[in-house]
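Taking it in order: structure first as structure tokens, then the write-up.
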Amino acid sequence: MSGKLIRLVTGMVCTAMLGGMLIGCSDSAGNAGESAPASKGSGGETQLLDGGVTNATGYPIAATPITLNVGILYGAHMGDFTKYEIWKKIEEKTNIKINLKVYSDVEKVNLMFSSRDYPDIMLRMDPSPQAISDAVDAKDIVGVDNLLQYAPNWSKFFESNPDLKRQALMPDGKLYGFPYVAIDEYSYNLRDQWLINRKWLDELGLKIPTTTEEFKSVLMAFKENAGKGSIPKNVTPYYIQYGNNIGGQFDLYGSFGVYTPGSYFIVEDGKFKSQATNPDLKEPIRYLADLYKNGLIVPEAFTDDWGKYTAAISSSPPIVGSMTSYNDQNENYMDGKWWYPMAPLQSPNGKQPLIRRQTRSIWPRNFVIFKNNKYPVASARLADMLAEPEWSMTMNYGKEGAAWTQTADGKYQLTNQKIDAEADKGLGNYGIALLDENMFKNNIVNENVNKEGTREWAYDHIYKKALPAKSLNYPPVPAGLLNDMEKQRLLDLDKAINDYIKTTVAGWIAGKNNVDDDWDAYVKKLDSLGLDEYMQLNQKQLDAASQLGK
């Protein structure tokens, strides 16, 4: 690749990362979000925008150097954002220096919103939906609809994907930021893989289980052979982080034909439905209770936090016999032969086993422009630069040559190697990118699809056929679709109902109570907690979201 192209790619990446954090000027802030197109002066020269700073087209974006303060949320697994090379490349390409401020936690982010002490741009910061809604209502965030004239890549994306655009709209039907887009079927269409410790199976002369009965027998063998071969004395045959969307028990429910996406509520054909009161849930709960009774699930499953969960599944050598995980785990171990993806198990009831989907969605506001930003057009142009393919590849995956290479026919080949150097890292969903279905299907080469045992291979060969025929997950909706009284009521009901479900089901699994004896009283209690009202408010919110942009 030529030096010129390399510089272009790197610059695009830096820009994308900055874009994810921008929260723009509001329409009340001098109508910054409605900048007029550049015009020709009397001598034919192009007048500069943003108060005489920004070029309407071409590079650099800023005619003279400018600085943008950009906020981003700390991610323990992301390393030191400030050392990423992309910021330097953005500055070289655009004349825009990124002054990065890393917020240590979401509490600090929400404090920033409450104090209204905003940066110029916000990348991923995970504020509460209500914080975003309140900031939009206060005109603290710049609407980008009128900035799309300077962002043709994003304009084209929104026009071509009205369903995804709808996810980004606020209740007033307008856009308030640029998204992170990575519509990769291997990523979004599967939540967790179900992994089995293949090394232990081989040592014991066992096959990968295909039924719930075989699974229990395998787990019993792991327990009975603790301290033998590579099976440690402190073995955990089946690890779950109870109640958690990641690593929880929900895929086991799916083996019995009960789909729960990470909560006990689904959306089918636009209708909000409860799986919490589905009598079919009793069968997988009885099965989990039997595993717990036999010591195949440990008590820590109910108390482990995120740190203990990640430590348990990444222990080297392993202490776990089976678990679910989004990522492949083989890279954590010495010979890459410990773990193998396992299909959801066939239960005695004969129903189709199911694995969980994720939602086909975008991160709608990973590049937000705040009202105090003096350069909204430059910011929008930066977001658009980061939407170019090579910049998006760098922003999302990391540096060219480390995370990806360009092939002779112009495609982008992923190296699938672990990136350790901070400078070479990409922001992933902490930044901004435009990688749509066409990019993944026709322009990105991922050799993992042919590498047995990887997530991509497992999706094609094991999980795709186990997905429900249609998405049953709750779709992304913005805050503000209900009035203040309804929103507070929904929050109160959500906590009371889901806390009760979680506590009650935990008691059944742990053998403190019996699901069959208690089921009718459990359903009655949910009714008394306001389940019908909870269902109605969620349905009202879904109906309102379906009308956005129409």
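We did not get these values from a lab; they are worked out from the coordinates using the rules stated. Predicted model only: the values in this text are computed from it and were never measured. Don't worry about glycine lacking a Cβ; one is built from the backbone with ideal geometry, like all the others, and counts go over all protein chains shown.
5 Å is the cut-off here: which amide hydrogens, built 1.01 Å from N in the peptide plane, fall below it relative to TYR103, excluding neighbours closer than 5 in sequence?
Long-range HN contacts for TYR103: ILE72, LEU73, TYR74.
Using the Kirkwood radius over Cα pairs, work out the Stokes-Einstein diffusion coefficient for segment 142-208 at 25 °C and 0.890 mPa s, in µm²/s as a whole number.
Using the Kirkwood radius from Cα pairs, D works out to 158 µm²/s.
Bin width 10 Å, alpha-carbon pairs only: give the P(r) of segment 99-258 as whole percents, running from 0 to the bin holding the largest distance.
Final binned percentages: 8, 23, 22, 16, 16, 13, 2.
Using r as the Cβ-Cβ distance of ASP290 and ASN234, and R0 as 22 Å, what FRET efficiency do you calculate, to the nearest 0.05?
In this case the efficiency is close to 0.50.
Magnitude of the Cβ-charge dipole of segment 442-502, K/R +1 and D/E -1, about the Cα centre, nearest 20 debye?
That gives a dipole near 160 debye.
Rounded to the nearest whole Å³, what is the per residue volume of the convex hull around the Cα atoms of the chain?
Per-residue hull volume (Cα only) is 152 Å³.
At 222 nm, what value in deg cm²/dmol follows for the chain if DSSP H runs of at least 4 each add -39500 (n - 2.57) and the sum is divided by all its residues, to the nearest 500?
-10500 deg cm²/dmol
Taking every pair of Cα atoms in segment 219-336, average 1/r, invert it to obtain the Kirkwood radius, and report Rg/Rh to two decimals.
Checking Rg against Rh, the ratio lands at 1.02.
Work out the FRET efficiency for GLU92 and ASP117 from their Cβ-Cβ distance, taking R0 = 41 Å, and round it to the nearest 0.05.
0.85
Show me, for segment 448-457, the HN-Hα J-couplings you get by feeding each phi into the Karplus relation (A = 6.51, B = -1.76, C = 1.60, θ = phi - 60°), rounded to Hz, glycine and proline as x.
Running phi through 6.51 cos²θ - 1.76 cosθ + 1.60 with θ = phi - 60° gives 5, 5, 10, 9, 4, x, 7, 4, 5, 5 Hz.
I'd like the per residue volume of the convex hull spanned by the Cα atoms of segment 404-450, given in cubic angstrom.
Normalising the Cα hull of segment 404-450 by residue number yields 107 Å³.
Could you list MET535, MET122 so that the one with the fewest beta carbons within 10 Å of its beta carbon is first and the one with the most is last?
MET535, MET122
Scan around GLN193 for amide H atoms under 5 Å from its own, H built in the peptide plane at 1.01 Å from N, and keep only partners 5 or more places away or cross-chain.
Residues meeting the criterion, in which the H sits 1.01 Å from N, are SER325, TYR326.
Starting with the fewest neighbours, write out ASP305, ASP518, ASP328, ASP120 ranked by other beta-carbon atoms found within 10 Å of each beta-carbon.
ASP305, ASP518, ASP328, ASP120
Just want the ordering: PHE265, PHE256, from fewest to most Cβ atoms lying within 10 Å of their own Cβ.
Lowest to highest Cβ neighbour count: PHE265, PHE256.
What's the center-to-center distance, using Cα atoms, between segment 434-470 and segment 53-114 in Å?
32
Taking each pair of different alpha-carbon atoms in segment 337-443 once, compute 1/r for the pair, average those values, and report the inverse of that mean as the Kirkwood hydrodynamic radius in Å to one decimal.
17.1
Taking the inverse of the average 1/r across all pairs of different Cα atoms in segment 168-291, what Kirkwood radius in Å do you get?
17.7
Could the peptides 104-111, 257-264, 153-160, 173-180 be put in order, highest first, of the mean number of other beta-carbon atoms found within 10 Å of their residues?
173-180, 257-264, 153-160, 104-111
With θ set to phi - 60°, apply the Karplus curve 6.51 cos²θ - 1.76 cosθ + 1.60 along segment 412-422 and write out the HN-Hα couplings as whole Hz, x wherever there is a Gly or Pro.
Per residue, the Karplus-derived 3J(HN,Hα) values read 10, 9, 6, 7, 6, 9, 6, 9, 9, 5, 4 Hz.
Using the Karplus curve 6.51 cos²θ - 1.76 cosθ + 1.60 with θ = phi - 60°, work out ³J(HN,Hα) for each residue of segment 78-94 in order, rounded to whole Hz, and write x for Gly and Pro.
Once rounded to whole Hz, the list reads 9, x, 8, 4, 5, 8, 5, 5, 4, 5, 5, 5, 4, 4, 4, 7, 10.
Mind checking the log10 I(q)/I(0) for segment 420-550 at q = 0.21 Å⁻¹? Debye, one equal scatterer per Cα, no solvent, two decimals.
With one equal scatterer per Cα and no solvent, log10 I(q)/I(0) is -1.20.
When the expected Rg is taken as 2.2 N^0.38 Å, what fraction or multiple of it is the alpha-carbon Rg of segment 484-546?
1.32
Let me know the shape class of segment 285-409, please: from the alpha-carbon gyration tensor, a ≥ b ≥ c as square roots of the eigenvalues, rounded when a/c is under 1.5, otherwise prolate if a/b is greater than b/c, or oblate.
prolate
Please give the charge dipole size of the chain, origin at the Cα centre, charges +1 on K and R Cβ atoms and -1 on D and E Cβ atoms. Round to the nearest 20 debye.
I would put it at about 500 debye.
Please enumerate, by chain and number, the aspartates and glutamates with C-alpha under 16 Å from the C-alpha of LYS139, excluding those fewer than 8 residues away in the same chain.
Cα-Cα hits under 16 Å: ASP27, GLU34, ASP117, ASP120, ASP172.
Over the residues of segment 410-485, compute the C-alpha Rg and express it relative to 2.2 N^0.38 Å.
Dividing the Cα Rg of segment 410-485 by 2.2 N^0.38 Å gives 1.56.
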